[in-house]
Amino acid sequence: MNSKICEFRIDTYMNKGVLTLKEEHELMKLKEIRRQFKKEENKETMEEDQKNIQVPVAPVANDGWNKHDGQIWDPKAGESIEGIYLGKQDDVGANKSKLYKMDSNGKIIEFWGSTVLDGKMIGVRIEQMLKVLFEGLKKPEGKKEYKSYEIYTKSLVN
């Protein structure tokens with residue numbers, strides 16, 4: 001039996017109105033057969049669709065590093081970047097750091113977090129204008145040297 005014959009027989013029973021117990025039983029069997037046909041058709045369609053979908057996959061190295069399409073910002077003291085904040089990824093790379101992302105004039109820029117930067121980025125909302133100023137390395141007396149940043153935000157809506 002193919003799906004068209006099955007559909008025809010179901011329609012015949014459905015148009016008949018009152019069914020005998022045997023006919024009701026037959027109708028239930030036909031509906032189950034129809035479900036199986038549809039399930040197989042959907043499976044075939046999904047398999048065909050999956051063959052046609054080409055998903056770009058970023059290669060992952062064995063050491064846990066992920067390939068990113070954006071440019072990584074490696075600032076010098078006094079340099080800044082600004083653009084629309086797009087969000088962050090947590091636990092990236094071997095050091096499980098945060099990786100921030102912004103759109104700067106249509107160019108995707110990514111920059112690594114640090115303890116200081118992560119603290120200052122708390123509360124920055126996605127799609128806010130963001131300016132990150134790298135002040136340079138600072139070393140308080142008796143403490144470890146760290147990278148100092150200033151963070152500025154403004155809303156896109158005036």
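Where a number appears in this text, it was derived from the coordinates with a stated rule and is not lab data. Keep in mind it's a predicted model, so treat the numbers as computed, not measured. Cβ atoms come from the backbone with ideal geometry, glycine included; neighbour counts cover every protein chain shown.
The alpha-carbon of residue 22 sits under 21 angstrom from the alpha-carbons of these lysines, leaving out residues fewer than 8 places away in its chain: 31. Centroid-to-centroid, using Cα positions, segment 102-158 and segment 1-44 are 64 Å apart. For segment 98-158, GluC sites (Glu not before Pro) meeting the loop criterion (DSSP other than H, G, I, E, B) and having at most 11 other Cβ atoms within 10 Å: 141, 145.
Were the residues from residue 37 through residue 108 laid out at 0.36 nm apart, the gain over their Cα-Cα distance would be 20.8 nm. Report the paramagnetic label zone for residue 146: residues of segment 105-126 whose backbone N is under 17 Å from a point 7 Å from Cα along the Cα-to-Cβ axis. Zone members listed by number: 112-123.
The phi torsions of segment 18-35, fed into the Karplus equation with coefficients 6.51, -1.76 and 1.60 and a -60° offset, translate into couplings of 6, 10, 6, 4, 5, 5, 4, 5, 4, 4, 4, 4, 5, 5, 5, 4, 4, 4 Hz, rounded to whole numbers, with Gly and Pro shown as x. Residue pairs exceeding 30 angstrom between C-alpha atoms, taken from 98/139; 43/101; 43/98: 43/101; 43/98.
If you take the Cα Rg of segment 71-154 and divide it by 2.2 N^0.38 Å, with N the number of residues, what do you get?
1.08
Put simply, the amide H of residue 136, placed in the peptide plane, has neighbours under 5 Å in 78, 148, leaving out anything fewer than 5 places away on its chain. Taking the Cβ of residue 118 as the centre, find all other residues whose Cβ is under 13 Å away and add up their charges (Lys, Arg: +1; Asp, Glu: -1). Summing Lys and Arg as +1 and Asp and Glu as -1 gives +3. Summing charges over all other residues whose Cβ lies under 15 Å from the Cβ of residue 84, with Lys and Arg as +1 and Asp and Glu as -1, gives +2.
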